[in-house]
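Notes follow the structure.
The values are calculated or read from the model by the stated rules, or taken from the named source; none is laboratory data. All values reported here derive from a predicted model rather than from experimental measurement. Here the Cβ positions follow ideal geometry from the backbone for every residue, glycine too, while neighbour counts run over all protein chains shown.
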2 protein chains.
Amino acid sequence: MGTSEATARATKGGRGARERILRTAVQLFAREGIHATGIAKLTEVAHVSTRTFYQHFPSKEALVSAYVQRIESDSDGPVGVEAILERSDLSARERLLELFADSPPIEEIVRGCPLHNTAVETAGTMPEAAALVERHKRQFTARLVKTAAEAGARDPETLGRQLAVLFEGARALSTSINDSQPYQDVRALAEALINQETGPT
Amino acid sequence: MGTSEATARATKGGRGARERILRTAVQLFAREGIHATGIAKLTEVAHVSTRTFYQHFPSKEALVSAYVQRIESDSDGPVGVEAILERSDLSARERLLELFADSPPIEEIVRGCPLHNTAVETAGTMPEAAALVERHKRQFTARLVKTAAEAGARDPETLGRQLAVLFEGARALSTSINDSQPYQDVRALAEALINQETGPT
């Protein structure tokens, strides 16, 4: 392959190649795991060369960080449910309740929260990705506390933090037992806590 | 190396080699993750040859399954706290409370529950290990329900399941934010639920 052909291909790949790699990461990392998905598999499924891969992502960790950011910003993705906290058509109390009304998609293998799963796989080995997850989860807890305050909770800090644990716990236990039952167990508890702290409608 | 020397070494390794490999897995899998820890690293740290490794564990998955069983049975290990549910010197209600009084070890990187982390890393890729974690977590929830019934809970099934989510959630969120604060947030909530369901002392 001549230089001009290589250049043409890289140019043609362009942003399209980067996007294909990211979409493939979203699909494979979430389903099979980050470490279980090698560069060879990623490039094969994304239809890019190894060279193109490294032109867009200098390392696997760079891709993992971009993956976390993509998961965070994708409103149709698995953490898109968190956007409920921004809905202006619901009262603050309704937003909290609605967040826990969410049911997980029916899947053969329950995979829980991809951001938490990234923390599990990267803590200690990929500090940048782990830090991105930490920031996201802390911001999410802060949004819960803020929404709890708007809903008139007597102790919004405590309610917000407890709801954050329930949210994470439903997803984590669902992964551990490969069953979405914990979402339902948490729903009733979250409703009771929200009602107790903000008073009934 | 002659055949007799190789045989002698394998024999000398014997159960000692298997134990060293397992201990190394407990240390490295829990800290750095399962997929992040390759066979090369395991054999180097455990001081065994690759050949000896495969004599004891035909595959990485076989080691991961043995790792789960070791974590389950190690009373000094990270899930040893679950043995609180068997303590005969405490009432059923005290056992439930004591389970949530537990604080995580102070560590530079918070790693949560190694069994859950194994589920995250093996769901979809190592079905045997994932099934072992699922069995453990379901049994743990069943023990919580049984203890809740002994404690006189009005709805032991619901209380036991909710406590299971709180237990898992504290560990999972701690991993996500690399901070043990969720253990404290869950403690107060667990106490409130236990007291509410079983009545004050």
request  = Using the structure shown, decide if A:Ile34 is within 14 Å of chain B (Cβ to nearest Cβ), over 16 Å from the mean Cα position of the chain (by Cα), of a type in the set (A, V, I, L, M, F, W, C) and part of a loop (DSSP other than H, G, I, E, B).
outcome  = no
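Here's a check for you: in the stretch A:38-58, which residue that is at pLDDT 95 or above and within 14 Å of chain B (Cβ to nearest Cβ) is nearest to A:Glu128 (Cα to Cα)? So that I can check it myself, show each step before the final result.
To start, the set of residues in the stretch A:38-58 that are at pLDDT 95 or above comprises A:39-58.
Checking which are within 14 Å of chain B (Cβ to nearest Cβ) leaves us with A:39, A:41.
Working: A:Ile39: 19, A:Lys41: 23 Å.
Restricting to residues being at pLDDT 95 or above and within 14 Å of chain B (Cβ to nearest Cβ), the top hit is A:Ile39.
If you take the residues of the stretch B:101-115 that are away from every other protein chain (no Cβ under 14 Å) and more than 24 Å from B:Arg135 (Cα to Cα), which of them is modelled with the highest pLDDT? Quick ask: steps written out before the conclusion?
If we filter the stretch B:101-115 for residues that are away from every other protein chain (no Cβ under 14 Å), which is where we start, we get B:101-103, B:105-106.
Filter once more, keeping what is more than 24 Å from B:Arg135 (Cα to Cα): B:101, B:103, B:105-106.
Working: B:Ala101: 93, B:Ser103: 80, B:Pro105: 76, B:Ile106: 77.
Once the filter is applied, the top-ranked residue is B:Ala101.
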task = Give, as residue ranges, the helices (runs of 4 or more DSSP H) completely inside the stretch A:116-201 that count at least 1 residues that are without any contact (Cβ under 8 Å) to a residue 12 or more places away in the chain, under 23 Å from B:Arg111 (Cβ atoms) and within 8 Å of another protein chain (Cβ to nearest Cβ).
result = A:127-150, A:156-177
ask   = Which condition number does A:Glu128 fail, the rest of (1) over 22 Å from A:Glu86 (Cα atoms); (2) more than 20 Å from the chain's Cα centre (by Cα) being met?
value = (2)
request  = All but one of (1) more than 28 Å from B:Arg135 (Cα to Cα); (2) at pLDDT 95 or above hold for B:Gly13, so report the exception by its number.
outcome  = (2)
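For the stretch A:81-92, state whether one or more residues are within 11 Å of chain B (Cβ to nearest Cβ) and over 12 Å from the mean Cα position of the chain (by Cα). Spell out the reasoning first.
Let us first name the residues in the stretch A:81-92 that are within 11 Å of chain B (Cβ to nearest Cβ), namely none.
Checked the stretch A:81-92: no residue is within 11 Å of chain B (Cβ to nearest Cβ) and over 12 Å from the mean Cα position of the chain (by Cα).
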task = Being in the same structural domain as B:Leu22 (by TED's automatic domain parsing), small (Gly, Ala, Ser) and buried (at least 19 other Cβ atoms within 10 Å of the Cβ) is the filter here, so list the residues in the stretch B:40-85 that pass it.
result = B:Ala46
task = Could you tell me whether B:Ile106 is out of contact with any Gly (no Cβ under 8 Å at 6 or more places or on another chain) and surrounded by fewer than 17 Cβ atoms within 10 Å (Cβ to Cβ)?
result = yes
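If you take the residues in the stretch A:77-106 that are of a type in the set (Val, Ile, Thr) and assigned to a helix (DSSP H, G or I), which one is farthest from A:Gly169 (Cα to Cα)?
Taking the stretch A:77-106 as the starting set, the residues that turn out to be of a type in the set (Val, Ile, Thr) are A:79, A:81, A:84, A:106.
Now drop any that are not assigned to a helix (DSSP H, G or I), which leaves A:81, A:84.
Details: A:Val81: 16, A:Ile84: 19 Å.
Taking the candidates together, the pick is A:Ile84.
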ask   = Considering B:Ala172, B:Ala188, B:Ala142, B:Ala153, which residue is within 30 Å of A:Leu28 (Cβ to Cβ), assigned by TED's automatic domain parsing to the domain that holds B:Val79 and not hydroxyl-bearing (Ser, Thr, Tyr)?
value = B:Ala172
